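Structure first, commentary second.
The values are calculated or read from the model by the stated rules, or taken from the named source; none is laboratory data. Remember, predicted model here, so these are calculated numbers, not experimental data. Positions of Cβ are backbone-derived with ideal geometry, glycine not excepted, and every protein chain shown enters the neighbour counts. Calculation scope for accessible area: heavy atoms of the full protein, side chains included, ligands and nucleic acids excluded. Shrake-Rupley method; radii C 1.70, N 1.55, O 1.52, S 1.80 Å.
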Amino acid sequence: MNIELILFGAFALLTLLSAGTVIFARSPINSAMALVSTFFFLAGIYVLLWAHTVAVMQVLVYAGAIMVLFLFVIMLLNLGESPTRGKPTVARIAGGAATVGLFAALAIILLKIPAAPATLSTDAQASFGTIATLGQVIFTQWLLPFEAVSLLLLVAMVGAVVVAKSRI
Amino acid sequence: MTLPNLSLADFLPLLPTIIMVVGASILLLSEVFLSTTASRSYQAVLTVATAVAAGAVALTTMFEPPQEVMLGFGVLDPFSSFLTFVVCVGLALATLSSVSFLRKRGAERGEFYALMLFATAGMSLLAMSNELITLFINIEVLSIATYALTSYLRRGTRPSEAGFKYFILGAFSSAVLLYGAALLYGATGTTHLTAMAGPLSTALSSQPGLVYAGIILVGAGFAFKVAAVPFHMWTPDVYEGAPTPVTALMSAGVKAAAFAAMVRVFFMVGKGVDPAMLLTLFSVLAFLTMVAGNLLAIPQRNVKRMLAYSSIAHAGYLLVGVAALFVTGPGEQFRLLGASALTGGTPLDLARAEALRGILYYLLAYTFSAVGAFAIVSVLERREDEEKGTAWDLERFSGLAQRKPGWAFAMAAFMLSLGGIPPTIGFMSKLLIFQAAVDAGLIGLTIVGVLSSAAGVYYYLRVVVYMFMRPVPEGAQALEKSWSTELALVLSTAAVVILGIIPGPIMGWLEQASSIFGQ
């Protein structure tokens with residue numbers, strides 16, 4: 001058993017535990033904090049997959065920016081503890097059945113995937129998904145979409161300010 | 001890994017867009033540094049100058065052969081250059097008509113013009129996009145700018161409702177489009193439209209479901225953007241609630257750019273799959289859109305809403321032209337009219353070139369007519385009546401010929417042009433589209449198109465009847481004049497009438513230039 005497998009097991013277990021906490025915690029604040037830790041452990045799994053950039057983005061964007069928004073909304077709406085669990089209604093039973101069905105379908109598909117993983121050359125692994133590679137590609141090959149995205153962000157900022165500011 | 005080098009020359013094809021973005025940035029900064037001046041007319045002048053400069057640059061590139069731009073992520077071809085020109089015309093006219101509209105409401109701001117410029121820059125980039133991710137980003141650039149413009153004036157409930165509806169449905173349609181694009185990527189392994197044809201035909205035999213789902217989802221996403229039936233529900237509410245100059249830009253520019261992107265994507269996809277499937281898809285869309293758009297417009301007494309439904313109907317005629325791009329078969333069935341001035345290539349190529357020319361000319365014609373009509377609507381409406389819902393009532397037009405003969409003449413020209421009656425540019429453009437459709441063998445669709453546009457004449461002429469044959473209502477408000485709106489009206493009326501009688505110059509350009517990359 002190598003260190004990667006141990007790390008993966010640890011991250012996977014912790015991800016599942018915190019994801020469970022998100023669902024079962026009574027207080028929305030606890031749920032939100034558990035979501036943060038879910039994102040962190042998920043980022044660990046991304047690192048094990050050599051997806052460094054995705055891992056950093058996961059922490060920056062999801063665990064950072066989006067969670068702050070979540071907490072703001074919880075604070076603004078002043079959400080307290082949720083009431084005790086409701087009675088099973090038709091919608092809840094149908095929702096539960098759909099979830100179980102989805103997982104069953106996923107399990108069937110995953111079992112069909114051959115066990116031997118595709119062999120990757122170490123060279124591809126070492127550079128693939130790193131921030132250096134991504135930066136090189138973004139600023140050369142993908143320059144047009146990149147500049148279009150910067151235009152998009154500028155437009156979105158101006159638009160948000162125009163819509164949000166006092167009535168014209 | 002070898003990385004490409006980009007030189008300054010690689011950015012030159014993007015010059016129209018760069019001009020517009022720089023102009024928009026200056027406008028944003030002018031609001032910070034120059035906002036103490038009481039008059040903000042210079043902002044409109046700057047916007048129009050920027051639009052004219054960008055349009056002129058686009059015209060100079062129109063006769064160059066198609067070429068890849070920025071490593072194939074975009075293309076510069078006559079098709080995209082002409083489209084950039086069309087959206088710049090639309091922007092200039094909409095800006096001219098917005099000056100007095102905004103001043104009356106005390107809402108002249110640099111951000112308004114900057115967002116108009118950003119939206120137009122997105123449209124120009126969208127017409128050039130040759131890669132699915134770039135295409136999606138540019139759709140978002142123009143959409144987000146128009147969402148913000150829709151709810152720019154937030155007095156009363158209508159603008160908020162319009163902005164919210166447009167945002168939710170626009171985001172939904174973008175997601176549908178993106179999902180379809182992801183499926184196409186999954187099937188072919190590339191997002192470059194040029195490289196897609198080969199892998200697409202392989203994928204079609206191995207996993208047809210993926211390809212078909214991708215094509216249908218992308219098609220549905222575009223159908224939302226061009227407001228084709230049955231994806232048109234948002235159009236009347238959004239067009240009615242948005243500030244009228246913004247509605248003008250939306251109906252002309254956003255539609256033109258979305259059509260350009262749709263034509264480019266499906267032209268390339270059509271090389272990999274059986275074009276008969278695309279022909280069926282677009283024929284059905286065109287049929288539904290023409291018939292439903294015209295029928296829904298007939299009962300409208302609200303002129304702004306009527307123009308919204310009419311823009312749906314016009315999307316239908318354009319879709320006939322798009323459908324004509326995908327005909328295949330023996331040469332005998334083509335060129336039934338045999339009157340085309342286009343030469344060279346097989347009959348099939350000629351039929352396609354004709355359809356492309358028809359689409360481009362139609363987009364230009366619709367830009368002049370619709371932006372002009374919305375300019376008249378914007379000078380007649382008053383803010384106080386918006387909540388009552390009478391701001392755009394047909395009664396507003398009663399006796400306009402006695403009060404303002406020039407405006408009434410202009411509106412009559414726009415209405416005749418939208419209805420497709422000679423001697424207007426609208427007639428010429430319908431003629432070109434239907435000629436292309438007949439030459440492509442789409443006789444049934446052409447008959448439906450002609451009949452439904454005949455039905456459309458009813459609601460266009462009703463406005464003319466109100467203007468010329470009804471008396472001036474009691475207690476009618478005095479109408480204010482403004483040089484900029486007058487200029488927009490004079491320019492678009494002149495274009496509508498002169499290009500309807502002498503279509504030569506533009507037709508000449510299009511005969512040389514109706515080619516799309518990869519044709």
Through the Karplus equation 6.51 cos²θ - 1.76 cosθ + 1.60, θ set to phi - 60°, convert the phi angles of the range B:454-463 into ³J(HN,Hα) values in whole Hz; use x for Gly and Pro. 5, 5, x, 4, 4, 7, 6, 5, 4, 4
Excluding residues fewer than 8 positions from A:LYS165 in its own chain, the lysines with Cα under 27 Å of it are B:LYS104, B:LYS165, B:LYS388
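To the nearest 500 deg cm²/dmol, what mean residue ellipticity at 222 nm is calculated for chain B from DSSP H runs of n ≥ 4 alone, each contributing -39,500 (n - 2.57), summed and divided by the residues? Mind showing how you got there, number by number?
Values: 20 runs with 365 residues, N = 519.
For chain B, the value works out to -24000 deg cm²/dmol.
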Helix-derived [θ] at 222 nm for chain A: sum -39500 (n - 2.57) over DSSP H runs of at least 4, divide by residue count, nearest 500? -23000 deg cm²/dmol
Under 5 Å between amide H atoms, partner at least 5 residues away or on a different chain: which partners does B:VAL69 have, H built in plane at 1.01 Å? B:GLY74, B:VAL75, B:LEU76
Report the accessible area of A:MET75, computed with a 1.4 Å probe over the heavy atoms of all protein chains in place, in Å² rounded to the nearest 10. 130 Å²
Low-density loop positions, chymotrypsin sites (Phe, Trp or Tyr not before Pro), the range B:202-266 - DSSP coil, at most 14 other Cβ in 10 Å: none
List the extent of the Cα atoms of the protein assembly as shown along each of their three principal axes, largest first, rounded to whole Å. 90, 64, 57
So what is Rg over Rh here for the range A:18-79, counting just Cα atoms and using Kirkwood for Rh? 1.05
Given H placed 1.01 Å from N in the peptide plane, which residues other than close sequence neighbours of B:GLU131 have an amide H under 5 Å from its amide H? B:LEU193
Partner aspartates and glutamates for B:LYS304 [C-alpha distance under 12 Å; skip if fewer than 8 residues away on the same chain]: B:ASP237, B:GLU240, B:GLU381, B:GLU386, B:ASP393
Keeping all protein chains in position, work out how much accessible area B:GLU387 exposes to a 1.4 Å probe, and write it in Å² to the nearest 10. 110 Å²
In chain B, if the dipole is taken from +1 on Lys/Arg beta carbons and -1 on Asp/Glu beta carbons about the Cα centre, which of B:ALA495, B:VAL254, B:PHE118 is farthest to the positive end? B:ALA495
Using DSSP to define loop residues, name the trypsin sites (Lys or Arg not before Pro) in the range B:386-493 whose beta-carbon has at most 13 other beta-carbon atoms within 10 Å. B:LYS388, B:LYS481
Report, in debye and to the nearest 20, how large the dipole of the range B:40-126 comes out about its Cα centre when Lys and Arg carry +1 and Asp and Glu carry -1 on their Cβ. 620 debye
For chain A, which DSSP H helices look membrane-span-like by this rule: Cα extent along the axis of 24 Å or more and mean Kyte-Doolittle of at least 1.6? A:3-24, A:28-48, A:90-112, A:143-164
Signed unit charges on C-beta, dipole axis of the range B:394-486, positive-most listed residue B:SER417, B:MET469, B:ILE447: B:MET469
Cβ charges +1 (Lys, Arg) and -1 (Asp, Glu), total dipole of the protein assembly as shown, debye: 1740 debye
Helix B:504-513 against the longest principal axis of chain B: what's the angle in degrees, Cα atoms only, rounded to the nearest 10? 30 degrees
What list of ³J(HN,Hα) couplings, whole Hz, do you get for the range B:263-273 from phi and the Karplus terms 6.51, -1.76, 1.60, once you set θ to phi - 60° and write x for glycine and proline? 4, 5, 4, 6, 4, 6, 4, x, 6, x, 10
Dipole of chain A, Cα-centred, from +1 at each Lys and Arg C-beta and -1 at each Asp and Glu C-beta, to the nearest 20 debye? 740 debye
Considering every Cα-Cα pair within the range B:10-513, what fraction, in whole percent, is farther apart than 29 Å? 47 percent
Set Lys and Arg Cβ to +1 and Asp and Glu Cβ to -1, take the dipole of the protein assembly as shown about its Cα centre, and tell me which of B:PRO230, A:ALA105, A:ILE138 lies farthest positive. B:PRO230
